[in-house]
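Here the structure comes first, spelled out in structure tokens, and everything after it is commentary.
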Amino acid sequence: MKSISKIVLAALLFLPCPAIALDAGTQFIVSGGAAGNGGGRPLDWIRAHQVSTCKLLGWFDLPFIDDSSFGLAGQASLKYQQENSYDTISYINLVPDIDLLRFYYNNYSEKGGFSLSLGRFTVADKTATIINQKIDGLYLGYSARKMQFGVYAGYTGLLNAKNTLTINSSGKNYWSSLVSSSLYNVYLGHINKVIDDYQKKSRKVNISDVMRTVDWAAVRSDVGRSLYVWAEPYFLSSASLTFPYLIANQTPYIEASMAINTEGPSKIEDEFDRFYITGGLYGPLIYSDLMYNISTTFSTYGDKSSSKSAFDGLANLSKLKLTYFTNFHSLAISGELTYASGNNGIYDPFYGFTSSPISYMRFSPEHSSAIKYGLSAAFKPTREFLVTLGSDQLFSYKENIVEYQGWQYYTELKLQCTSDFQFQVKAYRFLAVDSTYDNTGATVTAVFTF
């Protein structure tokens, strides 16, 4: 026990541990893309919404004992993003962030074991649709041959909202707050303020005089605040219980999660508490090459601003996925069906917690009041080359009425050119019944690892 206590103390105080090697590296990610309301005609692309991104990240893994089961891992990033659009003001964002900083301990054997994470790390619910983001908190997992248990609890108020979009009580994410905090708008706001003062005093507006009059100390202060925008403060917690291969290689699970609004440095107030319980089952269907995954989630929520109780309404998200694996170039063919309740029957609209668009439709609808089904295929022509193709149809489901919204098709190509260079291309098109919601886009990404 004394030796374990010394190890813990050394880790917490960042004292060097002898004979332990630090593993570290960096990545540089460059991407550029555009999305337009149309079929790719020249005029549509000139008017497209264009995004260019450069991201530099560094990571490290510092084990405190020889078997690397106990240590400290971290990752930090700096992202530059410029967005241009013909119908909105262009803006520039500079986003520094700590993506990962956690103490970890893993103790596993053939009979099972447990794991512990403490700090900032990424969590996801079983559907990977409701909650899928970073938190600052604690995770504890236990695994045995026929049972797995996991629980986490954390806080979101210290995250950078520019890297974590949360769904609010209206079913939308907080994208507008990110636009207002862009570097472009910070500078523009101060300059416009001086121009307004000149006009009120009936003075001639001269750009040289304006630039000399701007309070650059205030600009620098606002720029500093715009780099890191505090996320919405919520207490997140979840507990899951899984029974691997319980009967005939079938794996059932159950998971309960909640998000409770609390206080934090963010100025955004959206007291929208949410509670979720998910049940699911996955495994081989008939034979091992055909797999299925089915889940259903019931949720309830309360909006304190409207004095609505957390248990006044009930919502549902259900998903079914079938995947057939072949030996032909690792070909996998999948069919998927998603239902997210709206104001229909006994259900209210379903709202997740982390923003997760259900389709490529323009204006990015969330998993709410919708039905979607589709087919996709993934295969590897060579070991280094992965190709994904897919197509879906989307329906809205509100007030007990199902309405066809449109369909989409998409492709994604990933090529691992060398061990430290990856090239990706993603393209999609959504054809809506109302052409206002049409969307055609493509993104090219290069990832360099050092």
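Only the coordinates and a few stated rules stand behind these numbers; no lab work does. This is a predicted model, so every value here is computed, not measured. Glycine gets a Cβ as well: all are built from the backbone with ideal geometry, and neighbour counts include every protein chain shown.
Values computed for the structure shown
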quantity	calculated
Neighbourhood net charge (14 Å Cβ-Cβ; Lys/Arg +1, Asp/Glu -1) for LEU386	+2
Taking only Cα atoms of the range 78-167, radius of gyration then Dmax in Å	17.9, 60
Whole-Hz ³J(HN,Hα) from phi, Karplus 6.51 cos²θ - 1.76 cosθ + 1.60, for the range 72-77, glycine and proline x	10, 10, x, 8, 10, 9
The range 258-394, dipole about Cα centre (Lys/Arg Cβ +1, Asp/Glu Cβ -1), debye to the nearest 20	440 debye
Set LYS134/LYS398; LYS126/LYS372; LYS134/LYS414; LYS321/LYS414 screened for pairs whose C-alpha atoms are more than 27 Å apart	LYS134/LYS398
Summed side-chain charge close to SER237 - residues other than SER237 whose Cβ falls under 14 Å, Lys, Arg +1, Asp, Glu -1	-3
Computed FRET value (nearest 0.05) for LEU118 with THR26, which takes r as the C-beta separation and R₀ as 35 Å	0.90
Rule-of-thumb Rg ratio for the range 309-354 [Cα; 2.2 N^0.38 Å; N residues]	1.77
Local electrostatic count, GLN81, Cβ distance below 10 Å [Lys/Arg +1, Asp/Glu -1]	+2
From the C-alpha gyration tensor of the range 383-450, square roots of 5λ in Å	35, 12, 9
Cα Rg, Dmax (largest Cα-Cα span) when computed across the range 317-435, Å	16.8, 54
